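Enquirer: Below is the structure I would like to discuss, written out as structure tokens.
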Amino acid sequence: MKRFFAIAAALLLTVLLAACGPKNQGVVYCPATEEGIVFSATVEERKENSLLVLADEGASVRSSSDRFLVALSGAQLLDQEGNALEAADFWLLDRVEIAFEGQVAETYPAQITAKKVTRLPKEPLTLARVQELAEKGEELTWADFAPYEGREIGSGLYIMRYQLEEDYSLVAGGVPGEKPMYIRLCRGDLDQDDYIDIREASIQDFLAAKETSTPEATGDYPAALQVEGKIYLLGQPMPAEVEESAVIGRTLSYTDGWPQQDGETNFSRKLDLPYARVEGGIALLYENEWHFCEPVKEG
């Protein structure tokens, strides 16, 4: 009997020292509470019905793996306020809390099936924090922006926008898994003509510079927008509103001449303006009103 208790004590100690138990045909079983195993992580990639995440340092599951491919099929998906989400609502760099039963497939990344995934709140990015981050220079990575609240606005490239105080924005663009191609501090609403890359230029000099005016019209060109390779001319406000679900894109750049790329305008330096396809053309939300944009006739 004493031998039995000694063995039992040794097994209990093993469980306490290691988060996950021995594997069986490549599967590890982690001891779970009633809620399951719960750990926090950062989203590195969003797939159709799964998330690739990096577990936080110190998380118990780190004894099995640092990265996990989390299957979302059948899982409860929530935001920080308890509202239901869909898999497509999760973004790169989102902070999440994951609960699962305790079974881990020991591939790399390890594989688990979630019971519940909750998107955790993030803190707003500030100008003071941007100046601290800028000190890292070329060493800045996507992970440096993981704790901060932002919004994905890219099409093609991965582009994150972080709204700052005093009408400034930070825009980082590039490819997930690689260092950002650019990290721009923009004056105004994504003003493409008034920005610096914080890895290369002085933020203090940029903040001290006098703000440039924001022209809303061009000289020799009519007000125009390019969408899917076609030019549309800005028209009058529309009598009807446009549903958010109808939005197909947002303005991404400004030019003084004729728009040369999708999402480019020549009449407003204020970017991130949503546009939607409507009968006969495009509707653009400009100066708080939906404007009808008529396609330029070819020939």
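The values are calculated or read from the model by the stated rules, or taken from the named source; none is laboratory data. As the structure is a computational prediction, the values presented were derived from the model and not from experiment. For neighbour counting, all protein chains shown are included, and Cβ atoms are generated from backbone atoms with ideal geometry for every residue, glycine included.
Enquirer: State whether the residues of the stretch 84-107 include one that is among the polar types (S, T, N, Q) and either in the same structural domain as Arg269 (by TED's automatic domain parsing) or touching a Leu at 6+ places or on another chain (Cβ under 6 Å) (or both).
Expert: Going residue by residue through the stretch 84-107, those that are among the polar types (S, T, N, Q) are 103, 107.
From what's left, either in the same structural domain as Arg269 (by TED's automatic domain parsing) or touching a Leu at 6+ places or on another chain (Cβ under 6 Å) (or both): none.
No, the stretch 84-107 contains no residue that is among the polar types (S, T, N, Q) and either in the same structural domain as Arg269 (by TED's automatic domain parsing) or touching a Leu at 6+ places or on another chain (Cβ under 6 Å) (or both).
Enquirer: State whether the residues of the stretch 27-34 include one that is modelled with pLDDT under 90, surrounded by 17 or more Cβ atoms within 10 Å (Cβ to Cβ) and of a type in the set (A, V, I, L, M, F, W, C). Give the steps one after another, and end with the answer.
Expert: The first filter runs over the stretch 27-34 and keeps only residues modelled with pLDDT under 90, leaving 27-34.
From the residues that got through so far, the ones that are surrounded by 17 or more Cβ atoms within 10 Å (Cβ to Cβ) too are 28, 30.
Those still in the list that are of a type in the set (A, V, I, L, M, F, W, C) too: 28, 30.
Yes: the stretch 27-34 contains one or more residues that are modelled with pLDDT under 90, surrounded by 17 or more Cβ atoms within 10 Å (Cβ to Cβ) and of a type in the set (A, V, I, L, M, F, W, C).
Enquirer: Here's something else I'd like to know. What are the residues in the stretch 38-68 that are in a strand (DSSP E or B) and more than 23 Å from Phe145 (Cβ to Cβ), if any?
Expert: The answer is Val38, and nothing else.
Enquirer: Before we move on, is Gln131 out of contact with any strand residue (DSSP E or B) (no Cβ under 8 Å at 6 or more places or on another chain) and closer than 30 Å to Tyr168 by Cβ?
Expert: Values: out of contact with any strand residue (DSSP E or B) (no Cβ under 8 Å at 6 or more places or on another chain): yes; closer than 30 Å to Tyr168 by Cβ: yes.
Considered against the rule, which asks whether it is out of contact with any strand residue (DSSP E or B) (no Cβ under 8 Å at 6 or more places or on another chain) and closer than 30 Å to Tyr168 by Cβ, Gln131 comes out as yes.
Enquirer: Based on this model, can you work out whether Ile231 counts as closer than 18 Å to Tyr286 by Cα and modelled with pLDDT of 90 or more? Explain how you work it out, then say what you get.
Expert: On the way: closer than 18 Å to Tyr286 by Cα: yes; modelled with pLDDT of 90 or more: yes.
Yes, satisfied.
Enquirer: Filter the stretch 234-282 for residues that are assigned to a strand (DSSP E or B) and of a type in the set (Val, Ile, Thr); which is surrounded by the fewest Cβ atoms within 10 Å (Cβ to Cβ)? Can you show your working first?
Expert: Kept after step one, since they are assigned to a strand (DSSP E or B), are these residues of the stretch 234-282: 234-237, 247-250, 253-254, 264-265, 274-278, 281-282.
Keeping just the survivors that are of a type in the set (Val, Ile, Thr) gives 247-248, 265, 278, 282.
Numbers: Val247: 14, Ile248: 12, Thr265: 26, Val278: 16, Ile282: 24.
Residue satisfying both the conditions and the ranking: Ile248.
Enquirer: Kindly establish whether Phe145 is touching a residue at least 60 places away in the same chain (Cβ under 8 Å) and surrounded by 18 or more Cβ atoms within 10 Å (Cβ to Cβ). Break it down stepwise before answering.
Expert: On the way: touching a residue at least 60 places away in the same chain (Cβ under 8 Å): no; surrounded by 18 or more Cβ atoms within 10 Å (Cβ to Cβ): yes.
When the stated conditions are applied, Phe145 does not pass them.
Enquirer: Given the conditions (1) of a type outside the set (Phe, Trp, Tyr); (2) more than 19 Å from Arg95 (Cα to Cα); (3) crowded, with 17+ Cβ neighbours inside 10 Å; (4) touching a Lys or Arg at 6+ places or on another chain (Cβ under 9 Å), and given that Arg161 satisfies all but one, which numbered condition is not satisfied?
Expert: All conditions pass for Arg161, except number (2).
Enquirer: Test of understanding: among Thr107, Thr118, Thr126, Thr113, which residue is out of contact with any His (no Cβ under 9 Å at 6 or more places or on another chain), hydroxyl-bearing (Ser, Thr, Tyr) and under 30 Å from Asp167 (Cβ atoms)?
Expert: Thr126
Enquirer: For the structure I just gave you, tell me whether Ala8 is modelled with pLDDT under 50 and either part of a loop (DSSP other than H, G, I, E, B) or assigned by TED's automatic domain parsing to the domain that holds Gly177 (or both). If you could, list the steps in order and put the result at the bottom.
Expert: Numbers: modelled with pLDDT under 50: yes; either part of a loop (DSSP other than H, G, I, E, B) or assigned by TED's automatic domain parsing to the domain that holds Gly177 (or both): no.
Against the criterion (modelled with pLDDT under 50 and either part of a loop (DSSP other than H, G, I, E, B) or assigned by TED's automatic domain parsing to the domain that holds Gly177 (or both)), Ala8 does not qualify.
Enquirer: Ala55 fails exactly one of the following numbered conditions: (1) touching a helix residue (DSSP H, G or I) at 6+ places or on another chain (Cβ under 6 Å); (2) over 30 Å from Leu164 (Cα atoms); (3) buried (at least 19 other Cβ atoms within 10 Å of the Cβ). What is the number of that condition?
Expert: Ala55 satisfies all of (1) touching a helix residue (DSSP H, G or I) at 6+ places or on another chain (Cβ under 6 Å); (2) over 30 Å from Leu164 (Cα atoms); (3) buried (at least 19 other Cβ atoms within 10 Å of the Cβ) except (2).
Enquirer: Further question on the same structure: Before we move on, is Leu133 touching a helix residue (DSSP H, G or I) at 6+ places or on another chain (Cβ under 8 Å) and either surrounded by fewer than 17 Cβ atoms within 10 Å (Cβ to Cβ) or of a type outside the set (D, E, K, R) (or both)?
Expert: Details: touching a helix residue (DSSP H, G or I) at 6+ places or on another chain (Cβ under 8 Å): yes; either surrounded by fewer than 17 Cβ atoms within 10 Å (Cβ to Cβ) or of a type outside the set (D, E, K, R) (or both): yes.
Taking the combined requirement at face value, the residue satisfies it.
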